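The values are calculated or read from the model by the stated rules, or taken from the named source; none is laboratory data. Just so we're clear, the structure is a prediction, and the values are computed from it rather than from any experiment. Here the Cβ positions follow ideal geometry from the backbone for every residue, glycine too, while neighbour counts run over all protein chains shown.
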Amino acid sequence: MLQHPDATLYEGKAKILFSTSDPKILVQEFKDDLTAFNAQKKGSFFGKGAINCQISSIIFQHLANLGVPVHYRSLDSPRRMVIDRLDMVPIEVVVRNRVAGSLTRRLGIPEGESLPFPVIEWYYKRDDLGDPMVNRDHIRILKLASDAVLDEIRILGLRVNEILLQYFRERSISLVDIKLEFGWNSSGFLVLGDEVDGDTSRLWDLETGEKLDKDRFRMDLGSVKEGYEKIYERVAGHAIES
Ligand code: 5GP
């Protein structure tokens, strides 16, 4: 067991990071809490952390198998994964395949419309500012990342999106959009971090359009747990053990 007791490095809205006896390795614990609209809306359900941790674990392994650098190392328990410590780039990268959420509101395009190409947006990771959308000039003046690093993130983000579009399509799910975060590992390589699940992406049933992700919570659609369980079932190939 790598984890030191009481060695909490950081506690966020949905996850806790623990240090371990190896400074290059952390443990990421997924909480049962759900938040939306910059934590103005709060909820939780028992088992949510374990479901998301296991979904993320399977997806990270799939990406790694296809050559994408990921921070994931192994599953430590149903709700904890062992990860490489990353120095995070303070940018959230959103890749969109169909119109939903803030894009619907910002551009007035109806929800669900397919985009002619994956649309990339950058957001400045700053809770106190509500994670504002930024452009490349903003990123330059804030010195969040160099142009070369942004180009690298863009290429990696598009690659992850392309892999996951197919992965989910094969499981009868439409990947509407996804939020990704990247960081530097101890060897100086850019690596995909954070999580990849129904908290950080929009996943709709391919046939019916049913929303399976966190929008059930955001939009008060009900049966949030059932939505996450459906994502798990399609990703894992079997129902979650309760
Ligand atoms: P939108 O900008 O439409 O609200 O979100 C676009 C995508 O990024 C959605 O899949 C959404 O779940 C994800 N996303 C954007 N910002 C955040 C965030 O701060 N936290 C989480 N969990 N997901 C986010």
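Values as computed for the structure displayed
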quantity: Residue match in the stretch 94-108 (condition: away from the ligand (no atom under 16 Å from the Cβ), at pLDDT 95 or above and not basic (K, R)); calculated: no
quantity: Meets criteria (within 16 Å of the ligand (Cβ to nearest atom) and either of a type in the set (K, R) or under 23 Å from A236 (Cβ atoms) (or both)) for G12; calculated: no
quantity: Among (1) in contact (Cβ under 8 Å) with a residue 24 or more places away in the chain; (2) surrounded by fewer than 18 Cβ atoms within 10 Å (Cβ to Cβ); (3) in contact with a helix residue (DSSP H, G or I) (Cβ under 8 Å, 6 or more places away or on another chain), the one test that A239 misses; calculated: (1)
quantity: Members of the stretch 43-90 found to be touching a Lys or Arg at 6+ places or on another chain (Cβ under 6 Å), within 16 Å of the ligand (Cβ to nearest atom) and hydrophobic (A, V, I, L, M, F, W, C), listed by number; calculated: F45, C53
quantity: Qualifying residue in the stretch 26-42 (condition: closer than 16 Å to E181 by Cα and away from the ligand (no atom under 15 Å from the Cβ)); calculated: no
quantity: Of all residues making up the stretch 113-127, the number that are within 13 Å of the ligand (Cβ to nearest atom) and modelled with pLDDT of 95 or more; calculated: 10
quantity: Search result, residues across the stretch 107-129 that are within 17 Å of the chain's Cα centre (by Cα) and farther than 18 Å from R202 by Cα; calculated: Y124, K125, R126, D127
quantity: Options D220, D213, D205: the member that is within 16 Å of the chain's Cα centre (by Cα) and either of a type outside the set (S, T, Y) or surrounded by 15 or more Cβ atoms within 10 Å (Cβ to Cβ) (or both); calculated: D213
quantity: Those helices (runs of 4 or more DSSP H) lying entirely in the stretch 133-242 with at least 3 residues in contact with a strand residue (DSSP E or B) (Cβ under 9 Å, 6 or more places away or on another chain), within 16 Å of the ligand (Cβ to nearest atom) and at positive phi; calculated: none
quantity: The stretch 82-120: number of residues that are in contact with a helix residue (DSSP H, G or I) (Cβ under 8 Å, 6 or more places away or on another chain) and not polar (S, T, N, Q); calculated: 14
quantity: Within the stretch 130-161, considering residues that are surrounded by 17 or more Cβ atoms within 10 Å (Cβ to Cβ) and of a type in the set (G, A, S), the one nearest to the chain's Cα centre (by Cα); calculated: G157
